[in-house]
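J.: Let me begin by handing over the structure; questions about it come next.
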Amino acid sequence: MSIRTIVTEGDPVLNKRCHPVTKFDEKLADLLDDLKETLTNANGLGLAAPQIGILRRVTVAVNEKNEMVELVNPEIVESDGEQDGLEGCLSVPGMWGFVKRPNHVKVKAQDRSGNWFEVEGTGLTARCYCHELEHLDGHLYVEHVKKLYTNDELDEMMAKQEADE
């Protein structure tokens, strides 16, 4: 396992559609392990293979139980509801924006051995699944926002909100 460099906005790899995984081998296991270690090191909630320069349909995401879920060849098979919430991205460091997402999603994916399974998530977990799966199609959350906020602007907004309450 190793910590990989996270590519940032402007790198063309982030705008490319990823290829499906067809070999469930040691190379895939190493990729999943590296994604998990890199995500843990970066203190994030999700990381997709293109964010470390690999154009494969592979991502890891933290669910509501704080478990890291490995998703290979994932697809959203069901979604409902709506939420509007704050998102950031390890590939767009120091920036935040409000994004509308489904409040509930069901994802069908394969595990590192190629076995199909389904996971569901609501709230932040649903947001995370949607965000990470968009990376696999070459999209970033910034495409959905009206305005991006810096860390300082976000801190100021939060302080004002607390003062108003």
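Computed from the coordinates by the stated procedures, all read-outs in this text should not be read as laboratory data. The model shown is predicted, which means the values in this text are computed figures rather than measured ones. Quick reminder, even Gly has a Cβ in these numbers, built from the backbone with ideal geometry, and neighbours come from all protein chains shown.
J.: Considering just Cα atoms, how many Å³ per residue does the convex hull of segment 25-155 enclose?
T.: So the per-residue Cα hull volume is 101 Å³.
J.: For segment 92-165, compute Rh as the Kirkwood radius over C-alpha pairs and then the Stokes-Einstein diffusion coefficient at 4 °C and 1.567 mPa s; write the answer in µm²/s, rounded to an integer.
T.: Taking Rh from Cα pairs, D becomes 89 µm²/s.
J.: While we're looking at this one, here's another question. Ranking request for peptides 120-128, 61-69, 44-52: highest mean number of other beta-carbon atoms within 10 Å first, then the rest in descending order.
T.: Top to bottom by mean Cβ count within 10 Å: 44-52, 120-128, 61-69.
J.: Work out, step by step, the length gained on full extension between residue 144 and residue 15: first 0.36 nm times the residue separation, then minus their alpha carbon distance; give nm to one decimal.
T.: Stretched out fully, the residue 144 to residue 15 stretch lengthens by 45.0 nm.
J.: For segment 19-101, take the convex hull of the Cα atoms, compute a quarter of its surface area, and give me that in nm², please.
T.: 6.4
J.: Under 27 Å from the Cα of residue 160, which lysines turn up, not counting those fewer than eight places away in the same chain?
T.: 100, 146, 147
J.: Another question about this same structure. By how many degrees, between 0 and 90 and to the nearest 10, does the Cα long axis of helix 151-164 differ from the longest principal axis of the chain?
T.: 50
J.: Please enumerate, by chain and number, the lysines with C-alpha under 17 Å from the C-alpha of residue 65, excluding those fewer than 8 residues away in the same chain.
T.: Here the lysines satisfying the reach criterion relative to residue 65 are 36, 106.
J.: Considering the options 79, 122, 12, tell which one lies farthest towards the positive end of the dipole of the chain, charges being +1 on Lys and Arg and -1 on Asp and Glu at the Cβ, about the Cα centre.
T.: 12
J.: Residue by residue, what Karplus-based ³J(HN,Hα) values in Hz, rounded to whole numbers, does segment 83-100 have, using 6.51, -1.76 and 1.60 with θ = phi - 60° and x for Gly and Pro?
T.: 3J(HN,Hα) across segment 83-100, in whole Hz: 9, 10, x, 7, 10, x, 8, 5, 8, 10, x, x, 10, 9, x, 8, 10, 7.
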